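Beneath this line is the structure, given in structure tokens, with notes to follow.
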Amino acid sequence: MSAATMIQTADDALLDVEHLTMRFGGLLAIDDLSFTARVHEITSIIGPNGAGKTTVFNCLTGFYKPTVGRLRLCHPDKGEYYLERMEGFRIAQVADVGRTFQNIRLFPKMTVLENLIIAQHNRLMKASVFALAGLLGLARYRVAEKAAVEKAKFWLDRVNLTARADWEAGNLPYGDQRRLEIARAMCIAPCLLCLDEPAAGLNPRESLELNELLLSIRDEQGIGILLIEHDMSVVMGISDHIVVLDHGRKISDGDPAFVRNDPTVIRAYLGEAEDGEGADA
Amino acid sequence: MSEMTTSHKAASASAVSVIARDTLLTAVVALVLAVPFIGLKSDSVGTALTLVTRWPLMLAMVGAVAAGRVLVSLWRLRSAAKAQRATAHTAAGDAKASLAAWGNSHMKAIGFAGFALAVVLPFLPFSNRYVVDIGTTFLIYVMLGWGLNIVVGLAGLLDLGYVAFYAVGAYTYALISTQAGWSFWVCLPLAGTFAAMFGLMLGFPVLRLRGDYLAIVTLGFGEIIRVILMNWVDFTKGPDGVSGIPRPSFFGAPFSRSAPEGVTTFSDLLGIEYSSMHRVVFLYFLILALAAITNLFTLRMRKLPTGRAWEALREDEIACRSLGINPTNVKLSAFALGAMFAGFAGAFFATRQGFVSPESFTFMESAIILAIVVLGGMGSQLGVVLAAFALVVLPEWFREFEQYRMFLFGAAMVAIMVVKPTGVMGHREPTIRLHPVGKSKKPEAAR
């Protein structure tokens, strides 16, 4: 973490959100939001309910078209992308932005392993030459599939689901489903991973494991993580950088220690923030 | 002790009253239905039409229904008590699960056995023209069911107008062969291609629709095609249909008693005596081959990225987009490939009948094909075969029951849905496994 914070230069910006505004009819869900997320960092977006956190994610991953604003992604290997101009699925396919959902969205009737292999669809599709090489059973496709399975195995191992690889995803316990969704998002080899409340519904032991998983993803995969979370033990424990939203506006932006003591944040959260702090301390 | 008996008595008393109420209700409903259906019967005496009453028969029927209801209630009561008595995780559940597991692990063997049976069917001692003809019809529906299974079972796109693609395939062959004189083997791929193009044509406008809305639009599409065939008289010959469609040849050798100069007939080619059965059997093997290709294609496709994406799309379209899967391509490929197989089947239908008219492509056909897929268990290839057997072959056997035929047809459908709501073969087999089947028997132990 200290190494990551030390190399905070302008060059390692991964995602630049500039003047993002999202309006639904008369409702201003996000109002002129700007922040930067960096590689090797966990950036958390927090705020009271209805602050517009998930709307930010939906703009980033193409489910909404922002009313105003620029979302610049500097892919470490591929160059710059302007996400607000890209079609939804291309953001994951080309710009390598992975995400999970607040209400888990797995493929419930398919097995755990299949969920992870579908995440590698585009690479396998290329290898199968629009299913032709696959239909003919060419070696080219078989090799690619084997590689996909190996990658899936790696992530199954990381989230402790190897023993349940052949279970239907919908039959997994809740905590396993959360971890599987993160593993699935990692299988698209993202440069930016957006996690929407990954600790929701987890017990304390599970959320501790989640912390370790996220830290290891950040350190080993060298990607940026964008995190929406209500669980302050997760947010304060692993964030390198926190952005606080309230009613669509950014009210604070800085490292955990700064945000924790920011009077505007405490005011926005009222009793809630103080409770969270008390539990933390 | 006495407390227990009183509570037991109270329970049985309430059970009796529940049964009495259910039985009474059933009897009333049966009576209301039976008066017009059984109680009154129109009979023609000479030229006059008279009304005959059959009250005793009607009462007997209502009585039978009421008695049946009592039996059902008692059976339910007994099985509920049994379930209560048995400890958690009943043995019955285990037996059921192991039966399903047996079915799945022997899926390949069952499939091969069925195919082998289909191959030898025309040569079995009891086989006659009638059996082979029914077999051919059965296989057409199996092939259509397998084709629709791609769209409905795998991709989860509810299509009520599937028969339109069948019609496109049939008319493609009918018109090209009668107008331009091209042979069946040239027209077969053309029919598939045209049908696939119509699949794309339907696919584009309905990309954003799902479920009920998609069903309505596809239903409309099916009707549009039929109405065009009916009314574009110059091109399609309208309601009269296209007749004189050439029959297929055995790679150039026609199935006829005699052939024009320079052409060898099939019987001469093999040096056997001419029989009208040759063509019937040849058509049977042709559709068997086409259906087998459809099946192999789908089975292979399921294990490829395209097929997995179809299933993922059925499960959750939003999650698909978040993984970089282009939903447009996935949907269009499902529509086009599903339609292509309907096109092949259509061309076969045209050459088999020698005549096509819009009457063969009504909504009823779409409904039957969809029923085959749903009753079979969405996405299950073997299920389609079983359901096609139930919906196509059984009604043929039931011909002796005459007016009760459609009743039995409906009853079979209801029975399947009551007993197995997910279809005959509702279980989904994973396309890939990390652990071989034998080892993953007890997944709980791995924890």
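Summary table below
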item	result
In region B:250-266, residue farthest from residue B:160 (Cα to Cα) [restricted to those that are open to solvent by less than 30 Å² (accessible area, probe 1.4 Å) and outside any helix (DSSP H, G or I)]	B:265
Cβ pairs under 7 Å, 6+ apart, first in region A:151-171 and more than 8 Å from chain B (Cβ to nearest Cβ), second crowded, with 22+ Cβ neighbours inside 10 Å and aromatic (Phe, Trp, Tyr)	A:169/A:107
Test: residue in region A:88-111 that is acidic (Asp, Glu) and on the phi < 0 side of the Ramachandran plot	no
Residue match in region A:195-204 (condition: part of a helix (DSSP H, G or I) and modelled with pLDDT under 90)	yes
Check on residue A:35, surrounded by 15 or more Cβ atoms within 10 Å (Cβ to Cβ), at pLDDT 90 or above and in the same structural domain as residue A:264 (by TED's automatic domain parsing)	yes
Subset of region B:371-412 (residues that are at pLDDT below 85, hydrophobic (A, V, I, L, M, F, W, C) and open to solvent by 60 Å² or more (accessible area, probe 1.4 Å))	B:378, B:397, B:401, B:406, B:407
Criterion violated by residue A:49 - all others in (1) assigned to a loop (DSSP other than H, G, I, E, B); (2) touching a strand residue (DSSP E or B) at 6+ places or on another chain (Cβ under 9 Å); (3) open to solvent by 20 Å² or more (accessible area, probe 1.4 Å); (4) closer than 26 Å to residue A:175 by Cβ satisfied	(2)
Counted residues, region B:155-171 - those being under 19 Å from residue B:245 (Cβ atoms), aliphatic (A, V, I, L, M) and out of contact with any Leu (no Cβ under 7 Å at 6 or more places or on another chain)	3
Where a residue in region A:242-259 is part of a loop (DSSP other than H, G, I, E, B) and its partner, wherever it lies, is of a type in the set (Val, Ile, Thr) and buried (at least 19 other Cβ atoms within 10 Å of the Cβ), with Cβ under 6 Å and at least six apart	A:248/A:30
For residue A:184: the one exception among (1) closer than 30 Å to residue A:55 by Cβ; (2) among the charged types (D, E, K, R); (3) more than 8 Å from chain B (Cβ to nearest Cβ)	(3)
Within region A:116-126, tally of residues that are touching a Phe, Trp or Tyr at 6+ places or on another chain (Cβ under 9 Å) and more than 8 Å from chain B (Cβ to nearest Cβ)	1
Test: residue in region B:273-287 that is closer than 21 Å to residue B:172 by Cα and out of contact with any Pro (no Cβ under 9 Å at 6 or more places or on another chain)	yes
Single match in B:393, B:414, B:373, B:418 (criterion: under 30 Å from residue A:115 (Cα atoms) and either hydrophobic (A, V, I, L, M, F, W, C) or in a helix (DSSP H, G or I) (or both))	B:373
Residues that are open to solvent by 40 Å² or more (accessible area, probe 1.4 Å) and within 9 Å of chain B (Cβ to nearest Cβ), drawn from region A:128-144	A:130, A:135
Strands (runs of 3 or more DSSP E) fully within region A:67-127 counting 1 or more residues that are surrounded by fewer than 20 Cβ atoms within 10 Å (Cβ to Cβ)	A:68-75, A:79-82
Of all residues in region B:136-174 being touching a Phe, Trp or Tyr at 6+ places or on another chain (Cβ under 8 Å) and aromatic (Phe, Trp, Tyr), the one that is surrounded by the most Cβ atoms within 10 Å (Cβ to Cβ)	B:165
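Residue-by-condition table, conditions (1) more than 14 Å from chain A (Cβ to nearest Cβ); (2) buried (at least 22 other Cβ atoms within 10 Å of the Cβ); (3) within 27 Å of the chain's Cα centre (by Cα); (4) assigned to a loop (DSSP other than H, G, I, E, B):
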{"position": "B:268", "(1), (2), (3), (4)": "yes, no, no, no"}
{"position": "B:273", "(1), (2), (3), (4)": "yes, no, no, yes"}
{"position": "B:279", "(1), (2), (3), (4)": "yes, no, yes, no"}
{"position": "B:287", "(1), (2), (3), (4)": "yes, yes, yes, no"}
{"position": "B:294", "(1), (2), (3), (4)": "no, yes, yes, no"}
{"position": "B:306", "(1), (2), (3), (4)": "no, yes, yes, no"}
{"position": "B:312", "(1), (2), (3), (4)": "no, yes, yes, no"}
{"position": "B:320", "(1), (2), (3), (4)": "no, yes, no, no"}
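For (1) surrounded by fewer than 17 Cβ atoms within 10 Å (Cβ to Cβ); (2) touching a strand residue (DSSP E or B) at 6+ places or on another chain (Cβ under 9 Å), each residue gets a yes or a no:
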position: A:153; (1), (2): yes, no
position: A:156; (1), (2): no, no
position: A:159; (1), (2): no, no
position: A:166; (1), (2): no, yes
position: A:177; (1), (2): no, no
position: A:183; (1), (2): no, no
position: A:190; (1), (2): no, yes
position: A:193; (1), (2): no, yes
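The values are calculated or read from the model by the stated rules, or taken from the named source; none is laboratory data. All values derive from a computational prediction rather than experimental measurement. Counting neighbours? That spans all protein chains shown, and the Cβs are built from the backbone with ideal geometry, glycine included. Only protein heavy atoms, including side chains, enter the accessible area calculation; ligands, DNA and RNA are left aside. Shrake-Rupley method; radii C 1.70, N 1.55, O 1.52, S 1.80 Å.
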